[in-house]
Amino acid sequence: MTLGRFAPSPTGILHLGNLRTALASWLSARAAGGRWLIRLEDVDGPRCRRDLGEAQLRDLAALGLESDAPVTWQSECSAAYRAALGALHAAGRLYPCACTRKDLQLLASAPHAEDSLRPYPGRCRERAWEGFDRALRLRLPEGPIAWEDRLLGFQMDDPAALTGDPLLFRRDGCFAYHLAVVVDDGAQGVTEVVRGADLRPVTATQIRLQEALGLPRPAYAHLGLVAAPDGSRLGKRAGALGVEALAARRVSPAAILGWLGWSLGCLERPEPCRAGDLIASFAWNQVPAGEVRVPEAWA
């Protein structure tokens, strides 16, 4: 049975790009007769806020997208992440990293803002073990990983060359993105991961981590991003493109769903609807793979 999930970080309001991903994941699970979960990825304590997570849940509910099980907050799952680190250490796959943010900025050339998503050249690979109170990285084997993306087709990357050894535990005591997302997907039995194309480059790295932890590999689908009318990238602080702000401008949840459904190939034209109205017409081979731009009138 298909088990999908939507896992936003509560660092801002959900914009149309986030909502499009949520709807695509929900539709894919529903069209397959499966279940769908919501998980709040709030392990990055300084940037994550409980009230923003609650606001995200309200926006999803306004569109008819509600979890089939109690919502999970990653901040409540620390024991599972520590157990995973213990298993990786026992297998000889972890090493401490003494690199500072400044070091990483000098070493890496990737544009992504998160340390956990930057290529790492293995500077600290030969450091002796110093305990679990240090920043920790996963020692990746060399070689490519192939997978079939439900939207993009056949994909192959060498994660050791593309991302380098991923950060799993940070210097500030926070569990890093790669560890938390892989452990949670495994623990919840997620079989399908739908997310934005900006995260496609880390897929092979996460597959390697799944292998290291003995976890099954879910199916992946990476959606083209939603951009502003001028082609600029949306951010979570683009509050004017959230459910509440659009509602204040007389754009109803039904109208939002109609545009989102049209952008996913479910409707011939944007017209108000309910989420359930789109299930029968959803198919991955009809979803456009490229970028989608927000209507001028909404921006």
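I need a count of the residues in the stretch 252-299 that are among the aromatic types (Phe, Trp, Tyr) and closer than 20 Å to Leu241 by Cβ. Steps first, answer last, please.
Just the residues of the stretch 252-299 that are among the aromatic types (Phe, Trp, Tyr), to begin with: 259, 262, 282, 284, 298.
Those left that are additionally closer than 20 Å to Leu241 by Cβ: 259, 262, 298.
Residues that pass the stated criteria total 3.
Among the residues of the stretch 81-101, write down those that are more than 15 Å from Glu211 (Cα to Cα) and part of a loop (DSSP other than H, G, I, E, B). Passing the criteria: Ala98, Cys99, Thr100.
How about the stretch 179-189: which of its residues are buried (at least 22 other Cβ atoms within 10 Å of the Cβ) and more than 15 Å from Ala79 (Cβ to Cβ)?
Of the residues in the stretch 179-189, the ones buried (at least 22 other Cβ atoms within 10 Å of the Cβ) are 179-183, 185.
Selection gives Val181, Val182, Asp185.
Among the residues making up the stretch 81-106, a single one is within 25 Å of Arg5 (Cα to Cα) and either outside the structural domain of Ala135 (by TED's automatic domain parsing) or free of Cβ contacts under 8 Å to residues at least 24 places away in the same chain (or both): Ala83.
Annotation for the stretch 27-45: at least one member residue is at positive phi and either buried (at least 19 other Cβ atoms within 10 Å of the Cβ) or free of Cβ contacts under 8 Å to residues at least 40 places away in the same chain (or both). Return the residues of the stretch 61-78 that are surrounded by 15 or more Cβ atoms within 10 Å (Cβ to Cβ), among the small types (Gly, Ala, Ser) and in contact (Cβ under 8 Å) with a residue 60 or more places away in the chain; say none if nothing qualifies. Residues satisfying the conditions are Ala62, Gly64.
The rows are residues; the columns are (1) out of contact with any helix residue (DSSP H, G or I) (no Cβ under 9 Å at 6 or more places or on another chain); (2) touching a residue at least 12 places away in the same chain (Cβ under 8 Å); (3) aromatic (Phe, Trp, Tyr); (4) under 26 Å from Gln74 (Cα atoms).
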{"position": "Leu199", "(1), (2), (3), (4)": "no, yes, no, yes"}
{"position": "Leu213", "(1), (2), (3), (4)": "no, yes, no, yes"}
{"position": "Ala221", "(1), (2), (3), (4)": "no, yes, no, yes"}
{"position": "Arg250", "(1), (2), (3), (4)": "yes, no, no, no"}
{"position": "Gln286", "(1), (2), (3), (4)": "yes, yes, no, no"}
{"position": "Ala289", "(1), (2), (3), (4)": "no, yes, no, no"}
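Within the stretch 201-213, can one find any residue that is part of a loop (DSSP other than H, G, I, E, B) and not charged (D, E, K, R)?
Taking the stretch 201-213 first, the residues part of a loop (DSSP other than H, G, I, E, B) are none.
No, the conditions are met nowhere in the stretch 201-213.
Taking the stretch 34-63 as the range and being touching a Lys or Arg at 6+ places or on another chain (Cβ under 8 Å) and closer than 13 Å to Glu76 by Cα as the test, the residues that pass are Arg39, Asp42.
Checking the structure you have, find out if any residue of the stretch 269-279 is part of a helix (DSSP H, G or I) and at pLDDT below 95. No, the stretch 269-279 contains no residue that is part of a helix (DSSP H, G or I) and at pLDDT below 95.
The values are calculated or read from the model by the stated rules, or taken from the named source; none is laboratory data. What you see is a predicted model; the values in this text were computed from it and never measured. Note: ideal-geometry Cβ built from the backbone for every residue, glycine included; neighbour counts use all protein chains shown.
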